[in-house]
Amino acid sequence: MTKRIILGLESSCDETAAAVVADGREVLSSVVASQVQVHEKYGGVVPELAARAHIENLLPVIRGAMAEGEVGPDDLDALAVAYCPGLVPALLIAVTAAKTLAWAWGKPLIGINHIHSHLQSVMLEHEADCFPAAALVVLGGHTSIYSCQSPLELEMLGRTLDDAAGEAFDKVATILKLPYPGGPSIEKLAKQGDPQAIPFPRTYLDKDSLDFSFSGIKTAVLYHCRGQNMLGEDRVRQMSEQEKADIAASFQAAVIEVLVKKALRAADQVSARTILVGGGVAANSALREELQRRCDEKGLQLWVAAKKYCTDNAAMVAGLAYHKLLAGMIDDLTLEPLAIQS
Ligand code: KG4
Ligand code: ZN
């Protein structure tokens, strides 16, 4: 049987990405242009600057992905693009490119939910038999838990009520004056620290709740560094490396404990055989190890996205589009970027 080959595009935040994927799983190429240098001096992503960098990067990235994947327009079965949720000025660039290429090349256009595609990144390196599954998506912009019966059957069971897990990592890194992006910086520093040094709060909400709240722990770290009334001087510059490492390790341990407990709670509630985990924060080794330890204890299968597919990429976009293509879920040229999930 001939393979279905899809070109995926992604520009929802600060990575410009294109990838060519065959049959939803075989990654023929995955090219990502990072904008870390554009945004690091601002300590976060500036939407207008992201959009401008996407305009500069997108065509070279598409050409690179097609050359590396050894495909031309005629080989493609569809064009896929992440169109929600995300920064609209940033999303607009890949959405416009995908619509233009789909029209010019006469190919079907498939709009992809960025959060759902992060879950599909897990499938890129695993065989298919994982359902029913509970899925944890831990991103910079969102933290959600889903019940999954198939790649296209996702039911949201819980989400963050305020800050996402990745956002908390980024903000705590800013408080500790660590380099952007914050997640990898916190993870590195936490390796030297004591995770039990400071009892930062764990927020579980109601007994059975699968929602998250990470703004409390971020504020607790801020108060720890600046004093309860925020009038105290910022002590971070005077802190020893060990003191900062203890804060990073204690913060990381608290976030991980909540994420792991909720993932297991969800697996229990939906009688899952597998826990799926994707998103930028899933690159965190301490989180991966703790999930594995708890899943082994419970006899649950754990599938975590490969580290190279945890942060934004287009292979996951093309991967999910394969399932939508088979199901006939095609979009037309009225597809528009959306800040929130549709
Ligand atoms: O999935 P992603 O690109 O975000 C969204 O789509 O919103 O992931 C980016 C997030 C950032 O918040 C970053 O700090 C975090 O993932 N991150 C990490 C690690 N690597 C990236 N957080 C914790 N530990 C890491 N190693
Ligand atoms: Zn993402």
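Residues are listed down the side, and each one gets a yes or a no for (1) in the same structural domain as Gln35 (by TED's automatic domain parsing); (2) in contact with a helix residue (DSSP H, G or I) (Cβ under 8 Å, 6 or more places away or on another chain); (3) of a type in the set (A, V, I, L, M, F, W, C); (4) under 28 Å from Gly193 (Cβ atoms):
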residue	(1), (2), (3), (4)
Asp234	no, yes, no, yes
Asp246	no, no, no, yes
Val258	no, no, yes, yes
Ala321	yes, no, yes, no
Does Val81 meet the test of being among the β-branched types (Val, Ile, Thr), in contact (Cβ under 8 Å) with a residue 40 or more places away in the chain and within 25 Å of Ala283 (Cβ to Cβ)? yes
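In the range 158-170, which residues are within 9 Å of ligand 1 (Cβ to nearest atom) and not aromatic (Phe, Trp, Tyr)? Explain how you work it out, then say what you get.
Filtering the range 158-170 down to residues within 9 Å of ligand 1 (Cβ to nearest atom) leaves 164-170.
Correct list: Ala164, Ala165, Gly166, Glu167, Ala168, Asp170.
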Which condition number does Lys177 fail, the rest of (1) buried (at least 19 other Cβ atoms within 10 Å of the Cβ); (2) touching a residue at least 60 places away in the same chain (Cβ under 8 Å); (3) within 16 Å of ligand 1 (Cβ to nearest atom); (4) in a loop (DSSP other than H, G, I, E, B) being met? (1)
Only one of (1) outside any strand (DSSP E or B); (2) in contact with a helix residue (DSSP H, G or I) (Cβ under 7 Å, 6 or more places away or on another chain); (3) within 16 Å of ligand 2 (Cβ to nearest atom) does not apply to Val95, and that is (2)
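Residue-wise test of (1) aliphatic (A, V, I, L, M); (2) within 16 Å of ligand 2 (Cβ to nearest atom).
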{"site": "Met239", "(1), (2)": "yes, no"}
{"site": "Phe251", "(1), (2)": "no, no"}
{"site": "Arg273", "(1), (2)": "no, no"}
{"site": "Val277", "(1), (2)": "yes, yes"}
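Only one of these is touching a His at 6+ places or on another chain (Cβ under 6 Å), within 16 Å of ligand 1 (Cβ to nearest atom) and either in the same structural domain as Cys84 (by TED's automatic domain parsing) or more than 30 Å from Thr174 (Cα to Cα) (or both): Ser30, Ser12. Name it. Before the answer, list the steps.
Details: Ser30 fails: touching a His at 6+ places or on another chain (Cβ under 6 Å).
Criteria check complete, one pass: Ser12.
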The range 94-121: number of residues that are more than 16 Å from ligand 1 (Cβ to nearest atom) and surrounded by fewer than 24 Cβ atoms within 10 Å (Cβ to Cβ): 12
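Which residue out of Val32, Val45, Val21 is touching a Ser or Thr at 6+ places or on another chain (Cβ under 9 Å) and within 14 Å of ligand 2 (Cβ to nearest atom)? If you could, list the steps in order and put the result at the bottom.
Numbers: Val45 fails: touching a Ser or Thr at 6+ places or on another chain (Cβ under 9 Å); Val21 fails: within 14 Å of ligand 2 (Cβ to nearest atom).
Step by step, each of Val32, Val45, Val21 is checked, and only Val32 is touching a Ser or Thr at 6+ places or on another chain (Cβ under 9 Å) and within 14 Å of ligand 2 (Cβ to nearest atom).
Does Glu155 satisfy being of a type in the set (Asp, Glu) and without any contact (Cβ under 8 Å) to a residue 40 or more places away in the chain? Please lay out each step first, then the result.
Values: of a type in the set (Asp, Glu): yes; without any contact (Cβ under 8 Å) to a residue 40 or more places away in the chain: yes.
So Glu155 fits the description; yes.
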If I ask for residues that are of a type in the set (D, E, K, R), touching a residue at least 40 places away in the same chain (Cβ under 8 Å) and away from ligand 2 (no atom under 11 Å from the Cβ), which ones from the range 1-16 would you list? Arg4
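Criterion first (β-branched (Val, Ile, Thr), within 30 Å of Ala97 (Cβ to Cβ) and buried (at least 19 other Cβ atoms within 10 Å of the Cβ)) does Val304 satisfy it? Walk me through how you get there before you give the answer.
Numbers: β-branched (Val, Ile, Thr): yes; within 30 Å of Ala97 (Cβ to Cβ): no; buried (at least 19 other Cβ atoms within 10 Å of the Cβ): yes.
For Val304, the condition - β-branched (Val, Ile, Thr), within 30 Å of Ala97 (Cβ to Cβ) and buried (at least 19 other Cβ atoms within 10 Å of the Cβ) - is not met.
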Residue check, Leu335 against (1) under 20 Å from Leu92 (Cβ atoms); (2) aliphatic (A, V, I, L, M); (3) within 16 Å of ligand 2 (Cβ to nearest atom); (4) not assigned by TED's automatic domain parsing to the domain that holds Val20, all met but one. Which one? (3)
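Considering only the range 140-174, state which residues are in a loop (DSSP other than H, G, I, E, B), under 13 Å from the mean Cα position of the chain (by Cα) and closer than 19 Å to Glu257 by Cβ. Don't jump to the end; show me each part of the working.
Just the residues of the range 140-174 that are in a loop (DSSP other than H, G, I, E, B), to begin with: 140-142, 151-152, 161-164.
Of the ones still in play, those that are also under 13 Å from the mean Cα position of the chain (by Cα) are 140-142, 164.
The answer is Ala164, and nothing else.
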Buried (at least 16 other Cβ atoms within 10 Å of the Cβ), without any contact (Cβ under 8 Å) to a residue 60 or more places away in the chain and more than 16 Å from ligand 2 (Cβ to nearest atom): which single residue out of Arg235, Arg294 fits that description? Arg294
Just to check your reading of the model, which residue among Gly183, Gly193 is in a helix (DSSP H, G or I), farther than 18 Å from Ile275 by Cβ and in the same structural domain as Ala263 (by TED's automatic domain parsing)? Gly183
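The values are calculated or read from the model by the stated rules, or taken from the named source; none is laboratory data. Keep in mind it's a predicted model, so treat the numbers as computed, not measured. Ideal geometry is used to build each Cβ from the backbone, glycine not excepted, and the neighbour counts take in all protein chains shown.
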